[in-house]
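Data first, discussion second: the structure below is written as structure tokens.
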Amino acid sequence: EKNTLSDMRVQLSPGGDTAIATYAVDVVTRQADGKKTNEKAWETDVWFKRDGKWKLVHVHYNSKEVP
């Protein structure tokens, strides 16, 4: 039901061929039984530029349930 990003930070390598994006995510999910979950998460994405195109090569995701 909700997936809101905040605090986005993108760092580029000196050569311009690697980017690391970090951000926070507020997530609300409704389960099949109708129960809602509310989570705060942090994500890091690593991108490499290969053959002139950006490719996502690694994702790290960490979350915790909030009341």
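The values are calculated or read from the model by the stated rules, or taken from the named source; none is laboratory data. Computed from a predicted model, the values in this text were never measured in an experiment. Reconstructed Cβ throughout: ideal geometry from the backbone, glycine too, with neighbour counts over all protein chains shown. To get the accessible areas, we keep the full protein, side chains included, count just its heavy atoms, and leave off ligands, DNA and RNA. Shrake-Rupley method; radii C 1.70, N 1.55, O 1.52, S 1.80 Å.
A few points about this structure:
- The range 51-67 residues that are of a type in the set (Lys, Arg) and part of a strand (DSSP E or B), paired with ones that are at pLDDT 95 or above and surrounded by 10 or more Cβ atoms within 10 Å (Cβ to Cβ) (beta carbon under 7 Å, 6 or more apart): Lys55/Trp47; Lys55/Phe48; Lys64/Glu39; Lys64/Lys40
- Looking only at residues of the range 45-61 that are open to solvent by 40 Å² or more (accessible area, probe 1.4 Å) and of a type in the set (Val, Ile, Thr), we find that the one that is nearest to Asn3 (Cα to Cα) is Val59.
- Test result for Gly34, on the phi < 0 side of the Ramachandran plot and part of a loop (DSSP other than H, G, I, E, B): no
- Per-region count, the range 1-44, residues within 21 Å of Glu65 (Cα to Cα), open to solvent by less than 80 Å² (accessible area, probe 1.4 Å) and touching a residue at least 12 places away in the same chain (Cβ under 8 Å): 17
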